[in-house]
Amino acid sequence: MHEGCTGSFGDGKAVVDKIRMMGFNTREMPMAVELTCECGKEFSMTHLETKCPHCGMVYGVTPCSTAYPERI
Ligand SMILES: [Zn+2]
């Protein structure tokens, strides 16, 4: 098994579950990423798990993908 850098972001909820399982969800992003949420508002993704302050949508990213905002 190879955890972390394999796989994709097919299911965002699975990613969030995974980083929660690994305890990464409270880890800060090396660099905050500006995201445009599905609700149309922009917010700053500061942690590997960040909730949109406007609509509550949860975004997660695995630690090895923080350099690829398009995968979030
Ligand atoms: Zn939103």
Practice prompt. Calculate the radius of gyration of the Cα atoms of the stretch 12-71 to one decimal place, then report Dmax, the largest Cα-Cα distance, as a whole number, both in Å.
Written response: 10.5, 30
Practice prompt. Hey, can you grab everything whose amide H is under 5 Å from the amide H of Met29? Only 5+ residues off in sequence or another chain; H modelled, so Pro and N-termini drop out.
Written response: His47, Leu48
Worksheet entry | Integer Hz, Karplus 6.51/-1.76/1.60 couplings in order for the stretch 55-65, x for Gly and Pro | 10, x, 5, 9, 10, x, 9, 7, x, 7, 10
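Bear in mind these aren't lab numbers, they're just calculated from the coordinates by the rules spelled out. As the structure is a computational prediction, the values presented were derived from the model and not from experiment.
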